[in-house]
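Visitor: Here it is, the structure in full.
The values are calculated or read from the model by the stated rules, or taken from the named source; none is laboratory data. Just so it is clear, the structure is predicted and the values come from calculations on it, not from any experiment. Here Cβ is always computed from backbone atoms with ideal geometry, including for glycine, and neighbour counts include all displayed protein chains.
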Amino acid sequence: MSFYNPPIENRNPEEHLLMDFNESPLPPPPKLIAKIAAFLNKHIHYYPIYGDLLERLGEYAKVPTENLLLTNGSDQAIDVILRCLLESSEEVAMVQPGFAMFQQVAGTLGCQVVGPQFPEDFDFPHEELKESVNRRTRLIVVINPNNPTGTSVSVEQIEDLLKTFPDIPILVDEAYYEFSGQTCVSLLSSYPNLIIIRTFSKALALPSLRLGYVIAQPDFILQLLKIRGPYDVNLVAVLAAREQLNHPGHWQKVVRHLMDESKPALEKYFGERQVKYYSSTANFLLVEPQNVAEVSEFLKENKILVRTMNPPIAHTFRMSLRMMPEMQHFMEVYSRYLNT
């Protein structure tokens, strides 16, 4: 098996405009950073005590606390869920390409991720996914919106999967929920086979602290607790998450700026210049230029990093949305490329 090796080295935010990892363009407010610094001066030598974060998170996610599990990023959520459900030679059904961590974790268990490829227009191949389910399928994964294609999946499509396969867990990855506004949490009380994962790494701007969470039935959460360690989530992440949930104005303003200003401006720019791109409900766009290697190298030479994709979509690159002044800079640089 191969390993997930994202090109994260040599990324310097002091030198580059980072548009390659779907991060927030702004850090959390200075008050939060100051609280973290003060906390570390007094508490770094103690084991974590998580306090009321689950209660606060339950209010935010609109579920009881017994439906929640904190994880070390959504990567660990994927790890503990797949280790809980899969044994060697079993399969995960997922439309591809999708988030690489699913293949990595499945591979460590001797399992495969199978399923249809996205069509050329990247619409969700709902019926094809259903047809790929077989007697070896132990988990169905839906990434909504999908990374890297930006494809949205409707609540009705997710409910159809839950109804069609009542004995197979359906995992819905909602990492970009805050941008899309789309969630299937309302289905949780009706379908015990629904599992949802989310992260604080994207809209809530805490990727370096590694915090994610699982939303599922309480009995399944208890099984996951047998796998996740008691101190796997660090206390600085908990402190920062609590502050972001209690004072959401800053990050919510950034989300609205990206989705209501930056995204329409970028789409208009590409549309007017006949640069092909694919619609997305997340904080990124998938772009299909005439020569992806040439474009990405030109951008890199101009201190802008985008994420070139692997087969079968190696003809595209993914770019994160940034605040409008940075988007204007990107468009100026891209125009210079188009004029060469």
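Visitor: Taking Pro28 as meeting all but one of (1) in contact with a helix residue (DSSP H, G or I) (Cβ under 9 Å, 6 or more places away or on another chain); (2) not in a loop (DSSP other than H, G, I, E, B); (3) not aromatic (Phe, Trp, Tyr), write down the number of the exception.
Guide: (2) is the only condition that Pro28 fails.
Visitor: Taking segment 265-287 only, how many residues are in a helix (DSSP H, G or I) and either assigned by TED's automatic domain parsing to the domain that holds Glu174 or hydroxyl-bearing (Ser, Thr, Tyr) (or both)?
Guide: To start, the set of residues in segment 265-287 that are in a helix (DSSP H, G or I) comprises 265-272.
Filter once more, so that each one left must be either assigned by TED's automatic domain parsing to the domain that holds Glu174 or hydroxyl-bearing (Ser, Thr, Tyr) (or both): 269.
Qualifying residue count, segment 265-287: 1.
Visitor: Within segment 54-73, which residues are part of a helix (DSSP H, G or I) and of a type in the set (Lys, Arg)?
Guide: Matches in segment 54-73: Arg56 only.
Visitor: Also, quick follow-up: Can you tell me which residue in segment 205-219 is nearest to Leu70 (Cα to Cα), limited to those that are in contact (Cβ under 8 Å) with a residue 40 or more places away in the chain and over 17 Å from the mean Cα position of the chain (by Cα)?
Guide: The first filter runs over segment 205-219 and keeps only residues in contact (Cβ under 8 Å) with a residue 40 or more places away in the chain, leaving 205-207, 210-218.
Applying the additional criterion that residues be over 17 Å from the mean Cα position of the chain (by Cα) yields 216-218.
Details: Ala216: 12, Gln217: 14, Pro218: 13 Å.
Residue satisfying both the conditions and the ranking: Ala216.
Visitor: Would you point out which residue out of Ala100, Ala93 is in contact with a strand residue (DSSP E or B) (Cβ under 6 Å, 6 or more places away or on another chain) and touching a residue at least 40 places away in the same chain (Cβ under 8 Å)?
Guide: Only one candidate passes the filter, namely Ala93.
Visitor: Okay, next question. Residues in segment 153-181 that are part of a loop (DSSP other than H, G, I, E, B), more than 13 Å from the chain's Cα centre (by Cα) and of a type outside the set (Val, Ile, Thr): how many? Lay out the reasoning, then the answer.
Guide: To start, the set of residues in segment 153-181 that are part of a loop (DSSP other than H, G, I, E, B) comprises 153-154, 165-169, 174-176, 181.
Next, from what is left, pick out any that are more than 13 Å from the chain's Cα centre (by Cα): 153-154, 165-169, 181.
With of a type outside the set (Val, Ile, Thr) added as a condition, the list becomes 154, 165-167, 169, 181.
Counting residues in segment 153-181 that are part of a loop (DSSP other than H, G, I, E, B), more than 13 Å from the chain's Cα centre (by Cα) and of a type outside the set (Val, Ile, Thr) gives 6.
Visitor: Could you go through segment 296-305 and let me know if any residue there is under 15 Å from Leu17 (Cβ atoms), in a loop (DSSP other than H, G, I, E, B), in contact (Cβ under 8 Å) with a residue 60 or more places away in the chain and in the same structural domain as Met323 (by TED's automatic domain parsing).
Guide: Looking for residues that are under 15 Å from Leu17 (Cβ atoms), in a loop (DSSP other than H, G, I, E, B), in contact (Cβ under 8 Å) with a residue 60 or more places away in the chain and in the same structural domain as Met323 (by TED's automatic domain parsing), one finds at least one in segment 296-305, hence yes.
Visitor: Considering only residues that are among the hydroxyl-bearing types (Ser, Thr, Tyr) and in contact (Cβ under 8 Å) with a residue 60 or more places away in the chain, look in segment 161-188 and name the one that is nearest to Asn147 (Cα to Cα). Explain how you work it out, then say what you get.
Guide: First, the residues of segment 161-188 that are among the hydroxyl-bearing types (Ser, Thr, Tyr): 164, 176-177, 180, 183, 186.
Narrowing the set further to residues that are in contact (Cβ under 8 Å) with a residue 60 or more places away in the chain leaves 176, 180.
On the way: Tyr176: 9, Ser180: 13 Å.
Result: Tyr176.
Visitor: Only one of these conditions is not met by Ala34: (1) of a type in the set (Gly, Ala, Ser); (2) in contact with a strand residue (DSSP E or B) (Cβ under 6 Å, 6 or more places away or on another chain); (3) more than 28 Å from Pro148 (Cβ to Cβ). Which number is it?
Guide: Every listed condition holds for Ala34 apart from (2).
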